[in-house]
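Report on the following structure.
The values are calculated or read from the model by the stated rules, or taken from the named source; none is laboratory data. Because the structure is predicted, anything quoted here is derived from the model rather than measured. Please note: Cβ atoms are built from the backbone with ideal geometry, for glycine as well, and neighbour counts cover all protein chains shown. Calculation scope for accessible area: heavy atoms of the full protein, side chains included, ligands and nucleic acids excluded. Shrake-Rupley method; radii C 1.70, N 1.55, O 1.52, S 1.80 Å.
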Amino acid sequence: MDKARAEIAAISNALEQYKNVNDEYPATLEFSEIEPFYQANFVQVDGENLVDPYGSSYQYLRSGPNNPVSFDLWTTDSKGNIIGNW
């Protein structure tokens, strides 16, 4: 769970940097969109998908229900617990 939290923090940082340059968050969480802003380089990438430590893609919603002025970024661990940026 700690690794997923650290990855969510790193991805969130890249999304914030993307917004600083582009004045809005990306519509989708495609790696090619945030790669120039992504510093950590430790999240597994499968094509355009950022993969969590449990083998699933991270989920992303711009203006999500938990963070309507920014984004929701989350995954679910192997026990079904949601790990998110809220």
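Relative to the longest principal Cα axis of the chain, at what angle does helix 2-22 sit, 0 to 90 degrees, rounded to 10?
With both axes taken from Cα atoms, the answer is about 10 degrees.
Evaluate the Kirkwood expression for the hydrodynamic radius of the chain, namely the inverse of the mean inverse distance over all pairs of different C-alpha atoms, and round to one decimal in Å. Spell out each step's value before the answer.
Values: mean 1/r = 0.0779 Å⁻¹.
Across the chain, the inverse of the average 1/r is 12.8 Å.
Give me the 1.4 Å probe accessible area per residue for the chain, excluding ligands and nucleic acids, in Å². Spell out each step's value before the answer.
Working: 4990 Å² over 86 residues.
Heavy-atom accessible area per residue stands at 58 Å².
Report, to the nearest whole %, how much of the accessible area of the chain belongs to carbon and sulfur atoms, 1.4 Å probe, protein only.
Numbers: 2150 of 4990 Å².
Of all accessible area on the chain, carbon and sulfur atoms account for 43 percent.
Report the net charge of residues surrounding R5, where surrounding means a beta-carbon distance below 12 angstrom and charges are Lys +1, Arg +1, Asp -1, Glu -1. Don't jump to the answer; show the numbers that get you there.
Details: positive: K3; negative: D2, E7, D52, D77.
It works out to a net charge of -3.
Is the shape of the stretch 11-57 best called rounded, prolate or oblate, per the rule: a/c under 1.5 gives rounded, else a/b larger than b/c gives prolate, else oblate, with a ≥ b ≥ c the square roots of the Cα gyration tensor eigenvalues? Write down the numbers at each step before the final one.
Details: a/c = 2.31, a/b = 1.81, b/c = 1.28.
Note, shape of the stretch 11-57 comes out prolate.
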